[in-house]
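So the structure is just underneath, and the comments pick up after that.
The values are calculated or read from the model by the stated rules, or taken from the named source; none is laboratory data. Here the structure is a predicted model, which is why all the values come from computation and not from measurement. Counting neighbours? That spans all protein chains shown, and the Cβs are built from the backbone with ideal geometry, glycine included. Ligands, DNA and RNA are stripped out before the accessible areas are found, and what is left, the full protein with its side chains, is counted by its heavy atoms. Shrake-Rupley method; radii C 1.70, N 1.55, O 1.52, S 1.80 Å.
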Amino acid sequence: MELREAVCQKLERVNELNYTPEETIISSGCKQVLFNAMAATLNPGDEVILPTPYWISYPNMVGINRGTAVFVKTSQDNLFKMTPQALDDAITDRTKWVLINNPGNPSGAVYSQQELEALAVVLRKYPHVWILSDDIYEHMVFDGIKFYTFPQIAPDMKDRTLVVNGVSKGYSMTGWRVGYGAGPKELIKTMFKIQSQSTSGANTMSQWAAITALNGDQGFIQKYNETLVKRRNLVVSMMNKIDGLTCRAPEGAFYCYISCEGIIGKKTPKGHVISSDLDFCTFLMEECGVAVVHGEAFGLSPYFRISYATNIERLEVACGKITTACALLD
Ligand code: PLP
């Protein structure tokens, strides 16, 4: 209860949202909140709209719960944000959820107030569609941009919105496994029934630690973001110098989603033709020992993701190795 109260206070203080503790759930990571939500609501064949590139767990969570993932393509030109038209086109009578991951993994996309308002205009036409706002990267927003969560923009849709968040990213407490959700009481109650018969919930020590995280001094967030921006700028500038790669500076999270379209068709020194982003990532792994994730895993090719949640020296070495490896391609 103490953590649920801390979550309510945080949502009011930071996001201007009013929830009661009964409208919140604490789980073993944001991941379990998301899974509970899918398990609590999906009937076979119900559709969940997922903008691509998506976080890899989403389609699997939908599939395990017998739902159908419906993918909405985004583009690098639009910094990987779903447009209102694309959302409208994807909605059917079977749509149960649309998932907005803001800031996004792997894209780093951050929706502005206007962009969320435009999505809300579409969603107002479809009262049967619920909105899931995955805000786990909320605190990692750069370049003076302000973060908004969906129900802040569309309070009239709060009764069909689930906000999910946690302490894994902003507080670097991934291993502590604490996430939370806030939404309508009936939904939360059903999610809790599922959780109480699976894991019971997050462990008590971690819950106390999460209270300290949420209630404590938040000053480090700004400092941490300054470090993240330096790392982002390094990765973006080094990647854009490589012939065949293009990357626009992401506005949030700690990932760069880089197009490798210009590499496709090139030949490695061993004579292999790179025909996909997976081929390219395998080449980088084998040639220079740098691990990046291919775009196909996130549903949008030909791209790859670099995580810059590591120190700048290591990033400089890794990007240097990628530069050297790419120079070998013909
Ligand atoms: N949502 C997104 C978009 C993520 O990238 C992640 C972790 O990578 C999670 C949720 C899961 O967070 P947690 O560690 O709180 O389960």
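List of remarks:
- Fraction of beta bridges assigned by DSSP in the chain that are antiparallel (%, nearest 5): 50 percent
- Beta bridge orientation in the stretch 63-218: antiparallel %, DSSP, nearest 5: 30 percent
- Semi-axes of the equivalent ellipsoid for the stretch 164-239, computed as √(5λ) from the eigenvalues of its C-alpha gyration tensor and ordered from largest down, come to 32, 15, 12 Å.
- Out of every Cα-Cα pair that the stretch 40-183 contains, those further apart than 22 angstrom amount to 35 percent.
- Positive contributions from Lys and Arg (+1) and negative ones from Asp and Glu (-1), summed over other residues with Cβ under 12 Å from the Cβ of G67, come out at +1.
- Hydrodynamic estimate: the Kirkwood radius of the chain over Cα pairs, inserted into Stokes-Einstein at 10 °C and 1.306 mPa s, corresponds to D of 77 µm²/s.
- For the chain, the solvent-accessible area with a 1.4 angstrom probe is 43 square angstrom per residue.
- Projected label points at R124 and T310, each 7 Å from Cα along the beta carbon direction, are separated by 4.7 nanometres.
- Carbon plus sulfur fraction of accessible area for the chain, probe 1.4 Å, in percent: 52 percent
- Only lysines eight or more places from K10 in sequence, or on another chain, were considered; those with a Cα closer than 27 Å are K31, K81, K146, K158, K169, K185, K189, K193, K223.
- Environment charge at T199 (Cβ cut-off 14 Å; Lys +1, Arg +1, Asp -1, Glu -1): +3
- Screening the chain for whole DSSP H helices of 18 Å or more along their axis (Cα) with average Kyte-Doolittle hydropathy at least 0.5 returns 312-327.
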